[in-house]
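The values are calculated or read from the model by the stated rules, or taken from the named source; none is laboratory data. In this text the structure is predicted, and so the values were computed from the model without any measurement. Note: ideal-geometry Cβ built from the backbone for every residue, glycine included; neighbour counts use all protein chains shown. Accessible surface areas use protein heavy atoms only, side chains included; no ligands, DNA or RNA. Shrake-Rupley method; radii C 1.70, N 1.55, O 1.52, S 1.80 Å.
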Amino acid sequence: MDRRKSIQTMILGAGASALAFHSCKTDKGEAAPANADASVNTDTKYYGRTPQEAERDEKLHDEQLFNEHEMETIAVLSEVILPPKEPHGGPLEADVPEFIEFIGKDMPQMQNTLLGGLMWLDHKSNTDYGVEFKSASLDQQKEILDQICNQDMEVSLDDQPLEIQFFALMRNLVVTGYYTSKVGIADLGYKGNQPNVWDGVPDDVLKKHGVEYDPEWIAKCVDQSTRNVIAEWDDEGNLLT
């Protein structure tokens, strides 16, 4: 499963309610059936993306959703939401703005909320401080965001103001984009699944049953020397080691 499909699965889960709200609506505003577009590719010839999926990804990368000013605003907002920290860096080092633009293109039902929210930020900042949001001081930016960062849990997100919906969506996108990146995973210190050390059945158990290992077999099958070797893939998703 490639990163895009992994992320779509994550944002449709219970852990990102704001994203799930935006991503499971049809054009008519009705909830999509649970099994909509749920066809499973059982062809084991492909790892991660099929050629059709890779072609679609390339097409989306070539499209532009946000202009330069909007991308700069997203970059600033991302670091206010999730400040960078040593030694791995923050949202910019993890290409979170580019991730957000890609998801906005991949899931176009989010676009009105994202674009409208960015316009609201600049309007609010210009009204209160006479500058665009990206040029405001950090304290001013936080004062603006403090007004939209808490949603009423008793009211459907769909019935709350656009700016509330925008911040809930943007916060989840920033966190999701960062912690599904190489930078974010390094920040978590996650090393992935590793096998336990196992050097065979204990000798006393073997003796109890009157059996023993074949030295040739044990040398071949119980080898701890490669236990921490990290798997590597090529750009096409093929396993190398």
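Restricting to the stretch 89-100, name every residue that is assigned to a loop (DSSP other than H, G, I, E, B) and open to solvent by less than 70 Å² (accessible area, probe 1.4 Å).
Gly90, Pro91, Ala94 - these are the residues of the stretch 89-100 that are assigned to a loop (DSSP other than H, G, I, E, B) and open to solvent by less than 70 Å² (accessible area, probe 1.4 Å).
Could you please find all residues in the stretch 76-88 being of a type outside the set (A, V, I, L, M, F, W, C), assigned to a helix (DSSP H, G or I) and touching a residue at least 60 places away in the same chain (Cβ under 8 Å)?
Step one: of the stretch 76-88, the residues of a type outside the set (A, V, I, L, M, F, W, C) are 78-79, 83-88.
Checking which are assigned to a helix (DSSP H, G or I) leaves us with 78-79.
Listed by number, the list holds a single entry, Ser78.
Taking the conditions (1) free of Cβ contacts under 8 Å to residues at least 40 places away in the same chain; (2) assigned to a helix (DSSP H, G or I) in turn, Ile103 satisfies each one other than (1).
Got a sec? Which of Lys182, Lys134, Lys142 is modelled with pLDDT under 95 and among the basic types (Lys, Arg)?
On the way: Lys134 fails: modelled with pLDDT under 95; Lys142 fails: modelled with pLDDT under 95.
On inspection, the qualifying residue turns out to be Lys182.
Here Ser225 passes the criteria (1) modelled with pLDDT under 70; (2) open to solvent by less than 100 Å² (accessible area, probe 1.4 Å); (3) in a loop (DSSP other than H, G, I, E, B) except the one numbered (3).
If you go through the stretch 152-171 one residue at a time, do you hit one that is of a type in the set (S, T, N, Q), without any contact (Cβ under 8 Å) to a residue 60 or more places away in the chain, touching a Phe, Trp or Tyr at 6+ places or on another chain (Cβ under 9 Å) and within 21 Å of Asn112 (Cβ to Cβ)? So that I can check it myself, show each step before the final result.
Residues of the stretch 152-171 of a type in the set (S, T, N, Q): 156, 160, 165.
Cutting the leftovers down to without any contact (Cβ under 8 Å) to a residue 60 or more places away in the chain gives us 156, 160.
The next check asks that each one be touching a Phe, Trp or Tyr at 6+ places or on another chain (Cβ under 9 Å); those that pass are 156.
Narrowing further to those that are within 21 Å of Asn112 (Cβ to Cβ): 156.
The answer is yes, given that some residue of the stretch 152-171 is of a type in the set (S, T, N, Q), without any contact (Cβ under 8 Å) to a residue 60 or more places away in the chain, touching a Phe, Trp or Tyr at 6+ places or on another chain (Cβ under 9 Å) and within 21 Å of Asn112 (Cβ to Cβ).
Filtering the stretch 114-134 to residues that are farther than 13 Å from Phe66 by Cα and surrounded by 15 or more Cβ atoms within 10 Å (Cβ to Cβ) leaves Trp120, Leu121, Asp122, Lys124, Ser125, Tyr129, Glu132, Phe133, Lys134. Residue count for the stretch 44-62 under the criterion of being open to solvent by 80 Å² or more (accessible area, probe 1.4 Å) and not aromatic (Phe, Trp, Tyr): the result is 10. Scanning the stretch 135-175 for residues that are of a type in the set (D, E, K, R) and outside any helix (DSSP H, G or I), we see that the one that is least open to solvent (accessible area, probe 1.4 Å) is Asp152. Within the option set Asp187, Asp204, being modelled with pLDDT of 80 or more, open to solvent by 80 Å² or more (accessible area, probe 1.4 Å), assigned to a helix (DSSP H, G or I) and not basic (Lys, Arg) holds for one residue only, Asp204.
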